[in-house]
Amino acid sequence: MLAAALVVAALVLPNTVVGLGPAKFMRIPGEAVIGAAVLLALPRRPRVVLAAVSGVALAAMTVLNLLDMGFNQYLGRPFNPVLDWSLLGDAQSYLEDSLGRTATLAATAGVVALVLLLAVLLALATVRLGNLLARHSGTATRGTMVAGVVWITCSALGLQISGVPVASDRTTTALKTESRRVSDTLKDEAQFRKVAGEDRFGGTPGSQLVPDLRGKDMVFTFIESYGRSAIEDPVIAPGVDTTLDARTKALAKAGFHARSGWLTSATYGGSSWLGHSTTMSGLWVSNQQRYRTVMASDHLSLTEAFKKTGDFDTVGVMPGVQKGWPEQKWYGLDKVYNAFQLGYRGPKFSWSTMPDQYALQQYEERVHSKRPADGKSRMSLLILTSSHQPWAPVPKMVDWDALGDGSAFKDMEAAGNKPADIIADTTKSREQYGKSIQYSVTALTEWLERHGTKDTVLVFLGDHQPIARVSGNHASRDVPVSIVAKDPKVLDRIADWHWTEGLRPAHDAPVWRMSSFRDRFLTAYGSVPHPKKG
């Protein structure tokens, strides 16, 4: 009975958390009926071998289903068996940063043991069931025929339990889906390489790129997990909206004005680099293979466009980068400050290596306050990380003059929430997520209020929505985007975009695919297209 229950559960297991429920497991798997018929027809040795192999294969499908559950919950998409194995290493690093090395090693060992145990148990279960069928071949044959008739009848009549079909072919369907996903992935690689080779502005000389922004102090900033849910979710939005409105007024008092809209991100819940590269490349970079293709290409990035003019020094501040970052070349950045080059001596805030306020202050001291020696303007790319999950502990604003080397954050970090207390609690995660967005927006706009000049132009946006546990299982992929400047001509250039005044985009503000931003931005500020075909 246990062997049969284990095999049937594996055969009907759904691949989403939303799909879990008793009705899903009260089904007749057609694969079990066919498998029983085949095993009944085989001699002992082939039967045992086929049963064992089938059990291991079923274990592999179960692992894929479980991976699909995790990826759907965290990234809003199923696991890709061709591209996503490398992300498991990133997941392990995230757990280590959030929960500590000991807990991560224990969790990793547990997962490996579970996979091996699943393979052994399912292999033993299928062998045991095969032997049982052989010992009672007459009864088993009649039972298999009855089960087959019942399955066909239920399928033909469309019989359901709680909206779930009684006749199941879940594993067969999953195999077809996985095969199609692999095939589509391999085809997409070749097709996307051709798309990446074509560039509307790829042949544009530097003299004809962003002429209307010459002399400006350009700052592009991504705020981690800053999605539409932060502004419109009934639980999260009140605090975030209050912050956005207050910061809009504070900036206006300092002479800055803003316009805001929505972009539909190429990623969801994580893989922030896909959102960054989609925005900057004008291409839909929705998976790791596409990302590698873009990074290896000479497709013009928005940041590279400023370098190409010859009138801008380009710099990146990346507190989330903790290893070599060859992408610097594609982004066209002359200098990059990573997590170890900003002089931080305080504690990590879970995954985030340092609070955003500290990173912005270091940007000011090391970069922004110093004019380029050759008389050029500057274009900066900042990636802020304090709103990265698991949103515990969340830093708070302190006096800008008291930041020092970050040591002042030790007591704040120690007194904050522990990741283990937040990471699996939906209510607490939503509350802390909202607070983290308020913090990041406040830190960024206060920096602008303190140090922005008449020539400063700030473009900031989210890279993706937060995970489904926070944004919901049916949330959009939209993220807010804002352009802030003192010079009225900067915002006049985008008047025909019909964006909302202020930092909070209206619900019905225009929604564009994130991949359209590069070309719209370049066009708005005077760039002349010179298409290039690879």
(request) Return the inverse of the average 1/r over all pairs of distinct C-alpha atoms in segment 231-363, which is the Kirkwood hydrodynamic radius, in Å to one decimal. (result) 17.5
(request) Would you please state the base-10 log of I(q)/I(0) at q = 0.09, 0.17 1/Å for segment 360-516, with intensities from the Debye formula using one equal scatterer on every alpha carbon? (result) -0.38, -1.20
(request) Could you size up the charge dipole of the chain around its Cα centre, putting +1 on the beta carbon of Lys and Arg and -1 on that of Asp and Glu, and report it in debye to the nearest 20? (result) 1520
(request) Give the Debye-formula value of log10 I(q)/I(0) at each listed q (0.14, 0.17, 0.19, 0.22 Å⁻¹), with one equal scatterer per alpha carbon of segment 124-170, two decimals each. (result) -0.48, -0.64, -0.72, -0.80
(message) Just to verify a number: FRET efficiency for Thr139 and Ser183, C-beta to C-beta distance, R0 = 60 Å, to 0.05?
(response) 0.90
(request) Using Cα positions and a limit of under 16 Å, work out the aspartates and glutamates in reach of Lys187, with same-chain residues fewer than 8 apart set aside. (result) Glu178
(request) Return P(r) of segment 297-435 (all Cα-Cα pairs; 10 Å bins starting at 0; whole %; ordered from short to long distances). (result) 11, 35, 30, 18, 5, 0
(message) Could you check the spin-label model distance between Arg214 and Ser86? Points 7 Å from the Cα along Cα→Cβ, value in nm.
(response) 4.0
(message) Which one, Pro419, Leu118, Gly197, projects farthest toward the positive side of the charge dipole computed for the chain from Cβ point charges (K/R +1, D/E -1)?
(response) Leu118
(message) I'm a student and want to see the number: the projected area of the Cα convex hull of segment 236-313, averaged over all directions, in nm².
(response) 7.7
(request) Exposed loop trypsin sites (Lys or Arg not before Pro) only (DSSP loop, at most 11 other Cβ atoms within 10 Å): please give the longest stretch of the chain free of them, not including the sites. (result) 1-322
(message) Please report the spacing between the Cα centers of segment 472-534 and segment 410-449 in Å, no decimals.
(response) 28
(message) Using +1 at the C-beta of Lys and Arg and -1 at the C-beta of Asp and Glu, which of Ser229, Leu186, Ser207 has the Cα lying farthest in the positive direction of the dipole of segment 149-241?
(response) Leu186
(request) In square nanometres and to one decimal, what's the mean projected area of the convex hull around the Cα atoms of segment 115-195? (result) 9.5
(request) For Leu132 paired with Ile161, estimate the spin-label separation in nm (one decimal), with each label point 7 Å from Cα along the Cα-to-Cβ line. (result) 1.8
(message) Using the Cα atoms of segment 57-99, I'd like the radius of gyration and the largest Cα-Cα distance, Dmax, both in angstrom.
(response) 11.2, 34
(request) Set Lys and Arg Cβ to +1 and Asp and Glu Cβ to -1, take the dipole of segment 376-423 about its Cα centre, and tell me which of Met397, Met379, Ser407 lies farthest positive. (result) Met379
(request) Over all alpha-carbon pairs in the chain, figure out the percentage whose distance exceeds 36 Å. (result) 42
(message) How big is the dipole moment of segment 197-276 about its Cα centre under a simple scheme where the beta carbon of each Lys and Arg is +1, that of each Asp and Glu is -1, and everything else is neutral? Debye, nearest 20, please.
(response) 340
(message) Over 5 Å intervals from 0, what percent of Cα-Cα pairs in segment 215-254 sits in each interval?
(response) 6, 20, 17, 22, 19, 10, 4, 2, 0
(request) Could you give the spread of the C-alpha atoms of segment 331-400 along their three principal axes, from largest to smallest, in whole angstroms? (result) 43, 29, 17
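Report the Rg/Rh value for segment 408-449, based on alpha-carbon coordinates and the Kirkwood definition of Rh. List each step's numbers first, then the result.
Details: Rg = 12.6 Å, Rh = 11.8 Å.
Across segment 408-449, the Cα-based Rg/Rh ratio is 1.07.
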(request) Would you mind working out the magnitude of the charge dipole of segment 197-334 relative to its Cα centre, with +1 at each Lys and Arg C-beta and -1 at each Asp and Glu C-beta, to the nearest 20 Debye? (result) 60
(request) Give the calculated FRET efficiency between Ala4 and Ile152 to the nearest 0.05, with a Förster radius of 35 Å applied to their Cβ-Cβ distance. (result) 0.95
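Provide the FRET efficiency to the nearest 0.05 for the Lys348-Thr172 pair, computing r from the beta carbons and using R0 = 51 Å. Show your work: numbers first, answer last.
Details: r = 46 Å, r/R0 = 0.91.
Approximately 0.65, to the nearest 0.05.
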(request) Step through the table entries Lys308/Lys533; Lys216/Lys410; Lys370/Lys454, compare each Cα-Cα distance with 28 Å, and write down the pairs that go over it. (result) Lys216/Lys410
(request) Could you work out the mean projected area of the convex hull around the alpha carbons of segment 398-491, in square nanometres to one decimal? (result) 8.2
(message) Between segment 210-239 and segment 16-41, how far is it from one alpha carbon centroid to the other, in angstrom?
(response) 47
(message) How large a share of the accessible area of the chain, in percent, is made up of carbon and sulfur atoms when the probe is 1.4 Å and the other protein chains stay in place?
(response) 59
(message) For q values of 0.28, 0.29 Å⁻¹, compute log₁₀ I(q)/I(0) with the Debye formula on a Cα-only model of segment 12-57, without solvent.
(response) -0.99, -1.02
(request) May I ask what percent, to the nearest 5, of DSSP beta bridges between residues of the chain are antiparallel? (result) 40
(message) So if the hydrodynamic radius of segment 438-534 is defined as the Kirkwood radius over C-alpha pairs, what does Stokes-Einstein give as its diffusion coefficient at 10 °C and 1.306 mPa s, in µm² per second?
(response) 101
(request) At 1.4 Å probe size, with every protein chain present, just tell me what the per residue accessible area of the chain comes to in Å². (result) 44
(request) Would you list the P(r) distribution for segment 1-113, with all Cα-Cα distances sorted into 10 Å bins from 0 and each bin expressed as a whole %? (result) 12, 33, 30, 19, 6, 0
(message) If each residue of separation counts as 0.36 nm, what is the full-extension length gain between Ala296 and Asp519 once their alpha-carbon separation is subtracted?
(response) 78.2 nm
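The values are calculated or read from the model by the stated rules, or taken from the named source; none is laboratory data. No experiment lies behind these values; they were computed from the predicted model shown. Here the Cβ is made from the backbone with ideal geometry for all residues, glycine too, and neighbour counts use every protein chain on show. These area figures cover heavy atoms from the full protein model, side chains too; ligands, DNA and RNA do not enter into them. Shrake-Rupley method; radii C 1.70, N 1.55, O 1.52, S 1.80 Å.
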